[in-house]
Structures are given as C-alpha cells and as structure tokens.
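Enquirer: Before we start, here is the structure in question, set down as structure tokens.
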Amino acid sequence: MIYFGTYQFVKPILLLKDPDLIKQIAVKDFDHFTDHRTLVPENIDPLWGRNLLTLKGKA
C-alpha cells in the first residue's frame, strides 16, 4: 500500500508510505498543500510558527 487515509478524531489525514510520492508532494507540489495544522502558535515560538510545514494560504 502506497498511501491510506484515516481520521485523527474528526479530521481526515492522509498517510504516505512511498518515498517518491512523498518527494513529489513535499518538493514539487508543496505550494498546493497550504493551510496545515499549526503545531505551535507564531507568537509563542516564531521559528516553529513560521516554518514550511505551517504555511497558510492567501486569505
């Protein structure tokens, strides 16, 4: 199985297991996957609050 979906409580999550698919999404198609979950608020820790994994799309 290359990928599968599951739920974290009520939020759907996609889990990837194929390294080529991960590279495709993480490098080439990264700008299409915005609005990720915020792990640490930006005002608490600016380094983790403004990294690539927590980018927000245009409002």
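Enquirer: When Rg is the radius of gyration of the Cα atoms in region 18-59 and Rh is its Kirkwood radius, what does Rg/Rh come to?
Expert: That ratio is 1.05, to two decimals.
Enquirer: Express in nm, to one decimal, how much length is gained between Val40 and Met1 on full extension, taking 0.36 nm for each residue of separation and deducting their alpha carbon distance.
Expert: Full extension of this stretch gives 10.9 nm more.
Enquirer: Just how many pairs of Lys in the chain have C-alpha atoms closer than 20 Å, counting pairs that are eight or more places apart or on different chains?
Expert: Lysine pairs meeting both conditions in the chain amount to 4.
Since every read-out is calculated from the coordinates, none of them should be taken as a lab result. What you are looking at is a predicted structure, and each value in this text was computed from that prediction instead of being measured.
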